[in-house]
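Undergrad: The structure's right below; bear with me while I get my questions together.
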Amino acid sequence: MDSNITISSNILQIQGFNISPEFTYPLFFLILFFYFSLLCSNIGVLVLIITERSLHQPMYMLFCNLSVNDLIGNTVLLPRLMTDIISTERFITYNQCVAQAFYSHTFGSASHMILIIMAVDRYVAICHPLRYSSIMTIRTVVGLSVSAWGASIVLVSVLIGLTVRLSRCRSLIQNAYCDNASLFKLSCEDVSVNNIYGLFFTVLLFSSSMGSIAVTYFRIALVCRVKKSKELNNRALQTCASHLVLYLIMLWSGFLTIILHRFPNYPDLRKIAYILFHVVPANVNPIIYGMHTRSLRDIIVQRLSRKVTPS
């Protein structure tokens, strides 16, 4: 298309998945199942932490950030995706597409930031247990949470802002959802600035999270090795194993999405990878954290036993 042509229409078309008719509704109900399961698990954890006073601790308050992020990120993506799967005409307004891209990228960025501050909490709890209550106060927890969300929103706002400034010469989103790359590909202008900032954004986010997690866990492992305390090792294993598993799942699903963006010959695989990046961590977060965190696990078991045991 001629680069001098500018489209002023506010309506975009989403390419979506090329699905055979016989697989349309099975895929729809599969995604619906995952969506309701993540809703139930994350809302259930939030309600449990809010209503159980013994869980009003920094670790669980920080974990609430992760559940809220999972709920927002998947609610922005999955209902729209399910609608597009069963719809023959997949249209979306430009403003709705920008909003979906903003919340989707904020979800990914905030996931890294939240896991960083959760690692800091675990470091203080294990390496400085006597000072834990004086360091990890309510004010500190709120400050860390606001910093994580604030940094994510600022970084993503610049990312999307650089794309919104571009004129459009195309109206087809070559994806199953709206993201920043799909949006700036609608333009025929020079997008070098977008690519440079996108690379800076990705490198900063991943290097910060990987570096922070590596340093934190190295210090924790060093303290456990020096003190040679069985009780300390057990506490570190119980509280850090779940956090590390969550981070590795999120990290590798994120890496897979970024890598597949560089291979345009596999568009459907890239779309599936991005959806899994949203769905898989959001479903496994409450399960893994519940199984590996003794206090949360014990309270869940107690409440379930009360419901099962007849009065």
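Undergrad: For the peptides 24-37, 92-105, 271-284, what is the packing order when you average, over each peptide's residues, the other Cβ atoms within 10 Å and list the highest mean first?
TA: 271-284, 92-105, 24-37
Undergrad: State the percentage of accessible surface on segment 83-213 attributable to carbon and sulfur atoms; use a 1.4 Å probe and exclude ligands, DNA and RNA. Mind showing how you got there, number by number?
TA: Working: 3710 of 5640 Å².
The value for segment 83-213 is 66 percent carbon and sulfur by accessible area.
Undergrad: Please calculate how many Å² of accessible area segment 97-142 carries per residue, with a 1.4 Å probe and no DNA, RNA or ligand atoms counted.
TA: Values: 1760 Å² over 46 residues.
Counting only protein heavy atoms, the per-residue value for segment 97-142 is 38 Å².
Undergrad: Output the relative contact order of segment 3-88, whole-number percent, from Cα pairs under 8 angstrom with separation of 6+ residues. Don't skip to the answer; put the middle values down first.
TA: Working: 31 pairs, mean separation 36.2, N = 86.
Reported relative contact order: 42 percent.
Undergrad: Hey, got the Cα dimensions of segment 54-190 along the principal axes, in Å, largest first?
TA: Principal extents (Cα only, largest first): 61, 36, 19 Å.
Undergrad: Find the eigenvalues of the gyration tensor of the Cα atoms of segment 11-134, then list the square roots of 5 times those eigenvalues as equivalent ellipsoid semi-axes, largest first, in whole angstrom.
TA: Each semi-axis is √(5λ); the values are 38, 17, 11 Å.
Undergrad: At a Cα cut-off below 12 Å, give the aspartates and glutamates reachable from Lys271, other chains included and same-chain residues fewer than 8 away excluded.
TA: Result set, ordered by chain and number: Asp179.
Undergrad: Okay, moving on. For Leu12, enumerate residues with amide H under 5 Å from its amide H, sequence gap 5+ or separate chain, H modeled in the peptide plane.
TA: Ile92, Thr93, Tyr94
Undergrad: Could you list the square roots of 5 times each eigenvalue of the Cα gyration tensor of segment 103-178, that is, the equivalent ellipsoid semi-axes, sorted largest first and rounded to whole Å?
TA: Ellipsoid half-lengths, sorted descending, are 38, 12, 7 Å.
Undergrad: In nm, what is the difference between 0.36 nm times the number of residues separating Glu231 and Asn10 and their Cα-Cα distance?
TA: Stretched fully, the Glu231-Asn10 segment lengthens by 73.5 nm.
Undergrad: Test of understanding: extend the Cα→C-beta vector of Ser133 to 7 Å, then name every residue of segment 32-67 with backbone N under 16 Å from that spot.
TA: 54-59
Undergrad: Hey, in the chain, which Cys have no second cysteine's beta-carbon closer than 4.7 Å?
TA: By the Cβ distance rule, which asks for a partner under 4.7 Å, the isolated cysteines are Cys40, Cys64, Cys127, Cys224, Cys240.
Undergrad: What is the Cα coordinate range of the chain on the first, second and third principal axes, sorted by size from largest, in whole angstrom?
TA: 69, 50, 33 Å, listed from the longest principal axis down.
Undergrad: Another question about this same structure. Hey, what number do you get for the chain at 222 nm if only DSSP H runs of n ≥ 4 count, each worth -39500 (n - 2.57), divided across all residues, to the nearest 500?
TA: -27000 deg cm²/dmol
The values are calculated or read from the model by the stated rules, or taken from the named source; none is laboratory data. Source: prediction; values computed, not measured. Glycine gets a Cβ as well: all are built from the backbone with ideal geometry, and neighbour counts include every protein chain shown. We work out accessible area using only protein heavy atoms, side chains counted, and drop any ligands, DNA or RNA first. Shrake-Rupley method; radii C 1.70, N 1.55, O 1.52, S 1.80 Å.
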